[in-house]
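Notes to accompany the following structure.
The values are calculated or read from the model by the stated rules, or taken from the named source; none is laboratory data. A quick note: this is a predicted structure, and the numbers were derived from the prediction, not measured. When we count neighbours, we look across all protein chains shown, and the Cβ atoms used for this are built from the backbone with ideal geometry, even at glycine. These accessible areas exclude ligands, DNA and RNA; they are computed on the full protein's heavy atoms, side chains included. Shrake-Rupley method; radii C 1.70, N 1.55, O 1.52, S 1.80 Å.
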Amino acid sequence: MRRRPTTMTRLLAIAALGLPFVLPGAPAVATPTTPTRQLGEVIPAPVETRPDARGTFTLGRHTVIRTSPGSGAAWRVGRQLAETLRPATGYPLPVLPVRATPLPEIALLLGGADARVSQEGYQLDVTRRGVTIRANTAAGLFAGTQTLRQLLPAEIEASQRQRVTWSVPGGRIVDYPRFAYRGAMLDLARHFHTVDEITAYLDLLSQYKINYLHLHLSDDQGWRIQIDSWPRLTTVGGGPGTGVDGVGPGYLTKADYKAVVAYAAARHITIVPEIDMPGHTNAAQSTYAELNCDGVAPAPRTDIAVGYSSLCIDDELTYRFVEDVIRELAAITPGPFLHIGGDEAHATTDEEYRTFMTRVLPLVAKYGKRAYGWNEVMQVDPPTDVVAQFWGTGTTNADLAEAAARGNKVVMSPANKAYLDMKYDRNTRLGLSWAAYIEVRDAYDWDPATRVANVGEQSILGVEAPLWSETLRSLDDIEYMAFPRLPAIAELGWSTAASHDWESFRTRLGEQAPRWRLQQVDFYPSPQVPWI
């Protein structure tokens, strides 16, 4: 006797042909409340887009996420994507590490991408049958999923089920980064930010293909990382009364730090720890009197003055202290970089500064890390593997240009363009203004490869957007100063110079607003942007 096909059998057959279907008895879905996306309307701008109006794909209840068989890394990216899409869609979106399925699918596949995508890029293809993201690495797959996330209606960011048609525009994207290093920095020293606040910031950074988070862990106002060999650094140097105005106490235990590192790594972000020295050290010196040349501990500082502190350069105890800190921090940092600060050492003579750096830079290498410092470090002609972070406001810097000519790489963070703690205008309730007022266009309209004379594209490792915490007290404050300028810096780091276009960017930025509202991001509504 011939058996009648079941409803599921019919659906599988329809899906195999790439045809749309509606589940029997399923309620009609509402019209999207946000405009239909176009293939290139994402941040950062993709390298290449080829729209195909006939290829629109719509997620449904039977859509699956398929990953490369045998690849745990691809499966983990698929699981993250499913966890992002399930709340708003209400669909199960099972993650299947199989070679094929007749169901409509989002496929995350290692290999087979356009040859240009390299290690962090991806190829994204959308047809009526499904979405396929191909990459050479899990990082590339993850980047592709963040693009897919932006191509879906903004309601995908909702925490509860939405009655929306979950359509993705058809076509192909081939995309890869301009620079290897695309960073943000968060200052924990002037005001301590909790693990929950750091991880919430990581979630936002990952959406815009940021791949490094630099944590400023020590300064005059506070010490924020556990060092077992000098235990009072945190209990006293990071204890009650520390931070600007004495209202930012706290520190990361080693367990906390490892949790942040792991959380970041799951989002393909590398943590870069910074211990600032030989200046910006009052928190350590006020805690341990023996770190001062006269053996007398200075008073703790809670103001925002700079340039008055210095480790004792001629004392061997200084280098024992520094090595202890570097050794312990390197041991819990899987990433390649360890930032040693080096800025605003005004209480250290040029000769002392050179002596100090000549002793300390090799210690970073001794413990398996690549030294990284603010651009003043280039004054001592360091080895060519030392990275300089440019934070100046000018367009010339002889030491930096000479270092670039020798082969040192540079991360661009000009304070009057990339510092997220600068006020947007004179009425901004948070932030400082010593470098500039930085509106969104100011943050966007510059080129890292032409910013400093004789420091060209070949010398640029990437860009970073620092956020100092003198005036910040909460996650809302972090979000308000970072958004919408952080996406501008992210686009400078990822997208090609040829694609740089303010009118396009401001339009695409305005389209992010519904997403941020659903994510409860407290962003600054710049008048320069046509917000949706």
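Listed values, structure above:
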read-out	value
Selection within the range 473-496 - touching a Lys or Arg at 6+ places or on another chain (Cβ under 7 Å) and among the hydrophobic types (A, V, I, L, M, F, W, C)	A490, W494
Residues located in the range 429-449, provided they are under 17 Å from A497 (Cβ atoms) and open to solvent by less than 10 Å² (accessible area, probe 1.4 Å)	A443, Y444, P448
Close pairs from the range 125-139: first modelled with pLDDT of 95 or more, partner open to solvent by 70 Å² or more (accessible area, probe 1.4 Å) and part of a helix (DSSP H, G or I), Cβ under 9 Å, at least 6 apart	T127/R54; R128/R54; A138/R76
3 or more residues crowded, with 24+ Cβ neighbours inside 10 Å: qualifying strands (runs of 3 or more DSSP E) within the range 167-233	181-187, 212-216
The lone exception for A113 - which of (1) farther than 24 Å from T496 by Cβ; (2) modelled with pLDDT under 95 it fails	(1)
Scan of the range 178-198 for residues that are touching a Lys or Arg at 6+ places or on another chain (Cβ under 9 Å) and among the hydroxyl-bearing types (S, T, Y), ordered by number	Y181
Pair list, Cβ < 6 Å and 6+ apart or interchain, from the range 70-93 residues that are under 17 Å from G144 (Cα atoms) to residues that are assigned to a helix (DSSP H, G or I) and of a type in the set (V, I, T)	L81/T145
Count of residues meeting criterion [touching a strand residue (DSSP E or B) at 6+ places or on another chain (Cβ under 8 Å), in contact (Cβ under 8 Å) with a residue 24 or more places away in the chain and either open to solvent by 10 Å² or more (accessible area, probe 1.4 Å) or not in a loop (DSSP other than H, G, I, E, B) (or both)] in the range 234-249	2
Some residue of the range 497-512 being within 27 Å of V195 (Cα to Cα) and not hydroxyl-bearing (S, T, Y)	yes
Test: P487 is buried (at least 19 other Cβ atoms within 10 Å of the Cβ) and touching a helix residue (DSSP H, G or I) at 6+ places or on another chain (Cβ under 9 Å)	yes
Subset of the range 266-289 (residues that are part of a loop (DSSP other than H, G, I, E, B) and within 31 Å of the chain's Cα centre (by Cα))	R267, H268, I269, I275, D276, M277, P278, G279, H280, T281
Single unsatisfied condition, E470 versus (1) in a helix (DSSP H, G or I); (2) in contact with a Lys or Arg (Cβ under 8 Å, 6 or more places away or on another chain)	(1)
Qualifying position, being touching a helix residue (DSSP H, G or I) at 6+ places or on another chain (Cβ under 8 Å), open to solvent by 20 Å² or more (accessible area, probe 1.4 Å) and polar (S, T, N, Q), among Q528, Q512	Q528
Qualifying residues in the range 290-339 (those that are among the small types (G, A, S) and part of a loop (DSSP other than H, G, I, E, B)) - the one surrounded by the fewest Cβ atoms within 10 Å (Cβ to Cβ)	A299
Residue list for the range 257-270, filter: open to solvent by 10 Å² or more (accessible area, probe 1.4 Å), among the hydrophobic types (A, V, I, L, M, F, W, C) and touching a residue at least 12 places away in the same chain (Cβ under 8 Å)	A259, V261, A265, A266
Candidate set from the range 490-504 (those that are among the charged types (D, E, K, R) and surrounded by fewer than 17 Cβ atoms within 10 Å (Cβ to Cβ)); member that is nearest to S413 (Cα to Cα)	D501
Complete set of residues in the range 356-369 that are assigned to a helix (DSSP H, G or I), touching a helix residue (DSSP H, G or I) at 6+ places or on another chain (Cβ under 9 Å) and open to solvent by 10 Å² or more (accessible area, probe 1.4 Å)	T358, R359, L361, L363, K366
Out of E120, E48, E105, sole residue that is within 21 Å of D203 (Cα to Cα), at pLDDT 95 or above and of a type in the set (D, E)	E120
Subset of the range 48-81 [surrounded by fewer than 18 Cβ atoms within 10 Å (Cβ to Cβ), within 24 Å of the chain's Cα centre (by Cα) and of a type in the set (A, V, I, L, M)]	A73
Residues within the range 120-137 that are out of contact with any helix residue (DSSP H, G or I) (no Cβ under 7 Å at 6 or more places or on another chain) and more than 19 Å from Q150 (Cβ to Cβ), tallied	2
Restricting the range 135-166 to residues that are closer than 10 Å to G121 by Cβ and crowded, with 22+ Cβ neighbours inside 10 Å, the residue that is nearest to the chain's Cα centre (by Cα)	A143
Qualifying residue in the range 152-167 (condition: of a type in the set (D, E) and farther than 30 Å from N282 by Cα)	yes
Some residue of the range 94-110 being over 28 Å from A45 (Cβ atoms) and open to solvent by 70 Å² or more (accessible area, probe 1.4 Å)	yes
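For every residue, the table says whether it meets (1) part of a loop (DSSP other than H, G, I, E, B); (2) open to solvent by less than 40 Å² (accessible area, probe 1.4 Å); (3) over 21 Å from G121 (Cβ atoms).
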residue: R451; (1), (2), (3): yes, yes, yes
residue: V455; (1), (2), (3): yes, yes, yes
residue: Y480; (1), (2), (3): no, yes, yes
residue: R506; (1), (2), (3): no, no, yes
